[in-house]
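Working notes for the structure below.
The values are calculated or read from the model by the stated rules, or taken from the named source; none is laboratory data. All of these numbers come straight from a predicted model, not from anything done at the bench. With ideal geometry, Cβ positions are generated from the backbone for all residues, glycine too; neighbour counts draw on all protein chains shown.
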Amino acid sequence: MVHSTISLHDMRERDEFCREQGRVFREQKKELIIAAERLVLRTIDFDLDVQLPYNKTLVAALKRLSKEKFTGFRLPELTKVAWCLVDEVLTTSLCLQYKPQYIAAGLSLSVLRF
């Protein structure tokens, strides 16, 4: 009876090769899924236009609030906090549920409470 032995180095090379092939396969699969999704969206003539709250409404509200005596903040500080909140809002579905003016008004109020 003949026994063949595989060295530890050969096993590591084989494992590394399998990992690399798996990574390539997953990447190709991901690209194929994205292409199929785009085809489906194009076929059904899908068009999503989301109005973001980075508009004039938020800027105008912050300018108006910065002029008020009760805020105690300057416009750059208010804007920085508001932009951070907008970034957080964009990770939710609020931009799909409410008009950007409502989101801007809510963010302005949140900035005052911050």
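Here are some notes:
- Pair list, Cβ < 8 Å and 6+ apart or interchain, from segment 26-54 residues that are assigned by TED's automatic domain parsing to the domain that holds THR79 to residues that are modelled with pLDDT of 90 or more and among the basic types (Lys, Arg): none
- Matching entry among LEU65, LEU32 (being modelled with pLDDT of 90 or more, part of a helix (DSSP H, G or I) and among the hydrophobic types (A, V, I, L, M, F, W, C)): LEU32
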